[in-house]
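A.B. asks: Okay, handing you the structure first.
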Amino acid sequence: EWVKLYGALLGKEDEAEALFEEQASQLKSLENTENTGKTVAFFYINSMGAANVRKAGDYVSKMIDLAGGQYIFKDLGADEEGQSTMNMGMEDFYAGAKDADYIIYNSTIDGELGSLDELLKKSTLLKDFKAVKEGNVWCAGKYPYQATDIVGNMITDLHLMLTDGDESQMTFITKIN
């Protein structure tokens, strides 16, 4: 809805409405999608060596749900107000996320990963994760946070990831090998 407000303020109502409808159409195409039952961890490792994860009520965890997945930390901070993320010691992160079907490294802070080896340098514990063993490691680039007008694309990317869709159609996430 914000794009419509900005469109009105800038005298570009038609363009804003078209963009809004395009994104709404992407979401509508996913509304009858059954949940895959696949779990997803979305995180980054901070400079102190802790995993920074999204809380359960955060918009990223909701996008994972809309895409047909299940956020692995579905109960984390669900009753708490305030920040949408929290730091977690690697042992706790390992215990909570080691069996996730997919892991997505959030590269907003320290840059995109170019390889699995780069991820494993951040923490060797990750090598034992189910997603790493099965080749389901992904990276979210910096761009999603500057492109809130096309959030439907991020949800579509997540859906494509969860359903083994065409990676060349993805805007925000890439598979890490």
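A.B. asks: Restricting to the range 44-64, name every residue that is closer than 20 Å to E112 by Cβ, touching a Phe, Trp or Tyr at 6+ places or on another chain (Cβ under 7 Å) and not charged (D, E, K, R).
C.D. replies: Y44, A51, N52, V53, V60, I64
A.B. asks: Further question: Test D65 against the stated conditions and say whether it is open to solvent by 70 Å² or more (accessible area, probe 1.4 Å), without any contact (Cβ under 8 Å) to a residue 60 or more places away in the chain and within 16 Å of L160 (Cβ to Cβ).
C.D. replies: yes
A.B. asks: Oh, and also: Only residues in the range 105-119 that are without any contact (Cβ under 8 Å) to a residue 60 or more places away in the chain count as the first member; pair them with residues that are open to solvent by less than 20 Å² (accessible area, probe 1.4 Å), Cβ under 7 angstrom, at least 6 apart or cross-chain, and list the lot.
C.D. replies: Once the first residue is without any contact (Cβ under 8 Å) to a residue 60 or more places away in the chain and sits in the range 105-119, its partners that are open to solvent by less than 20 Å² (accessible area, probe 1.4 Å) give L119/Y105; L119/L113; L119/L126; L119/V137; L119/I176.
A.B. asks: Within the range 74-102, can you find the residues that are modelled with pLDDT of 95 or more, surrounded by 17 or more Cβ atoms within 10 Å (Cβ to Cβ) and in a loop (DSSP other than H, G, I, E, B)?
C.D. replies: Correct list: K98, A100, D101.
A.B. asks: From Y105, Y6, grab the single residue that is of a type in the set (S, T, Y), under 20 Å from T174 (Cα atoms) and not in a loop (DSSP other than H, G, I, E, B).
C.D. replies: Of Y105, Y6, the one residue that is of a type in the set (S, T, Y), under 20 Å from T174 (Cα atoms) and not in a loop (DSSP other than H, G, I, E, B) is Y105.
A.B. asks: Filtering the range 119-157 down to residues that are of a type outside the set (A, V, I, L, M, F, W, C), touching an Asp or Glu at 6+ places or on another chain (Cβ under 9 Å) and open to solvent by 50 Å² or more (accessible area, probe 1.4 Å), which residue is modelled with the lowest pLDDT?
C.D. replies: The qualifying residue modelled with the lowest pLDDT is K142.
A.B. asks: Does K12 meet the test of being surrounded by 14 or more Cβ atoms within 10 Å (Cβ to Cβ) and without any contact (Cβ under 8 Å) to a residue 12 or more places away in the chain? Reasoning before the result, please.
C.D. replies: Details: surrounded by 14 or more Cβ atoms within 10 Å (Cβ to Cβ): yes; without any contact (Cβ under 8 Å) to a residue 12 or more places away in the chain: yes.
So K12 passes the test.
A.B. asks: Considering the range 28-42 alone, what residues qualify as being under 26 Å from E112 (Cβ atoms) and open to solvent by 40 Å² or more (accessible area, probe 1.4 Å)?
C.D. replies: Initially, the range 28-42 is screened for residues under 26 Å from E112 (Cβ atoms), giving 30, 36, 38-42.
T36, K38, listed by residue number.
A.B. asks: Looking at Y44, is it touching a residue at least 24 places away in the same chain (Cβ under 8 Å), in a helix (DSSP H, G or I) and of a type outside the set (A, V, I, L, M)?
C.D. replies: When the stated conditions are applied, Y44 does not pass them.
The values are calculated or read from the model by the stated rules, or taken from the named source; none is laboratory data. Everything quoted here is computed from the prediction, not taken from an experiment. Glycine gets a Cβ as well: all are built from the backbone with ideal geometry, and neighbour counts include every protein chain shown. Surface accessibility is based on the protein's heavy atoms, side chains included, excluding ligands, DNA and RNA. Shrake-Rupley method; radii C 1.70, N 1.55, O 1.52, S 1.80 Å.
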